[in-house]
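Okay, structure first, notes after.
Derivation of every value follows stated rules applied to the coordinates shown; laboratory data play no part. Computed from a predicted model, the values in this text were never measured in an experiment.
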Amino acid sequence: MESDSIECPDCGQPKGLASGTQIGQILNCAGCGALLEVLALSPPEIGHAPQIEEDFGE
Ligand SMILES: [Zn+2]
């Protein structure tokens, strides 16, 4: 059995999900600083979190 480990979709940095992690929780990648949203727990899956603090304009 592998531990609950996932990789950042941006930089591939392995991330471990702490116990108690919930779907929808926002994680911060230690590798590239991307905001990642927990999409699923079993198996673990993460994706880009919606960017709400940064506005790059049109
Ligand atoms: Zn990353």
query: Which ³J(HN,Hα) values in Hz, rounded to whole numbers, follow from the phi angles of region 14-29 under the Karplus curve 6.51 cos²θ - 1.76 cosθ + 1.60, where θ = phi - 60° and Gly and Pro get x?
result: x, 10, x, 8, 5, 4, x, 4, 10, 4, x, 5, 9, 10, 10, 5
task: Collect residues whose amide H, placed 1.01 Å from N in the peptide plane, falls under 5 Å from the amide H of Gln25; neighbours closer than 5 in sequence don't count.
output: Val38
message: Quick query: amide H of Ala49 versus all other amide H atoms, modeled in the peptide plane; which residues come in under 5 Å with a sequence gap of 5 or more or a different chain?
response: Leu35, Leu36, Glu37
statement: Along principal axes, largest first, the alpha-carbon spread of region 5-47 in whole Å comes out as 23, 15, 15
